[in-house]
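Working notes for the structure below.
The values are calculated or read from the model by the stated rules, or taken from the named source; none is laboratory data. Remember, it's a predicted structure, so these values are computed and weren't measured experimentally. For neighbour counting, all protein chains shown are included, and Cβ atoms are generated from backbone atoms with ideal geometry for every residue, glycine included. These area figures cover heavy atoms from the full protein model, side chains too; ligands, DNA and RNA do not enter into them. Shrake-Rupley method; radii C 1.70, N 1.55, O 1.52, S 1.80 Å.
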Amino acid sequence: KVTGNLEVTGTITGSGGSFLPLIGGDMSGNTTHDDNAKSFWGDANDLGIYHDSSNSYISETGAGSLYVQGSNIFIQSSINKNAIICGDSDSVELYFNASKKFETTNTGIAVTGNGAFTGSVSIPDAGQVQLGTGNNMVLQHNSANGFIKNTAGQLNIDQLAVTESIVFRTSDANAGDV
């Protein structure tokens, strides 16, 4: 029991061996924290790491942001399957069941597999939806007109719903008066 200041210039030791080193020392052993025992860093306890018996947390509560840095950053499932990889070349990859499905590239994005959208997909004027290996089928709007372009093979429009029609509409004098 100490009343007042205690100054130690070295490592605190006891019958069980060496314990936590003081300022500037090196710690070579593990530390164990019980559930809900938090480790804090920063003058205002801005960064905390803890486990609450069910989940584990890294918590940033200060005025700044939480930065995770590394030459390559891997976020994996508990069975070591990649979920997210942030590469040193500014790339980001997203995985499902260890299979890459989405990635950023130097020209945009690349998607492997099917996409399902619950909202709209918006492409600005002069942008294109290009289909086929040689981009031979193009859907485009140029701020004035819309285009369906096919530059290889025949263009087929198949209506496969039984007893249903193909309907083309056009306005007469006013927009939408079909």
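Here are a few things to note about the model shown:
- Neighbours by Cβ (under 7 Å, 6+ apart or cross-chain): first from region 111-130, closer than 19 Å to S143 by Cβ; second exposed (fewer than 10 other Cβ atoms within 10 Å of the Cβ): D125/S143
- Only residues that are outside any strand (DSSP E or B) and at pLDDT 90 or above were counted across region 47-64, and they come to 4.
- Scanning region 166-174 turns up at least one residue that is out of contact with any strand residue (DSSP E or B) (no Cβ under 6 Å at 6 or more places or on another chain) and among the basic types (K, R).
- Search result, residues across region 100-139 that are under 30 Å from S78 (Cα atoms), open to solvent by less than 50 Å² (accessible area, probe 1.4 Å) and not β-branched (V, I, T): E103, A110
- Meets criteria (of a type in the set (A, V, I, L, M, F, W, C), open to solvent by 80 Å² or more (accessible area, probe 1.4 Å) and without any contact (Cβ under 8 Å) to a residue 60 or more places away in the chain) for L47: no
- Pairs with Cβ under 8 Å, 6+ apart, first in region 65-94 and within 21 Å of T112 (Cβ to Cβ) and among the basic types (K, R), second surrounded by 13 or more Cβ atoms within 10 Å (Cβ to Cβ) and at pLDDT 90 or above: K81/Y95
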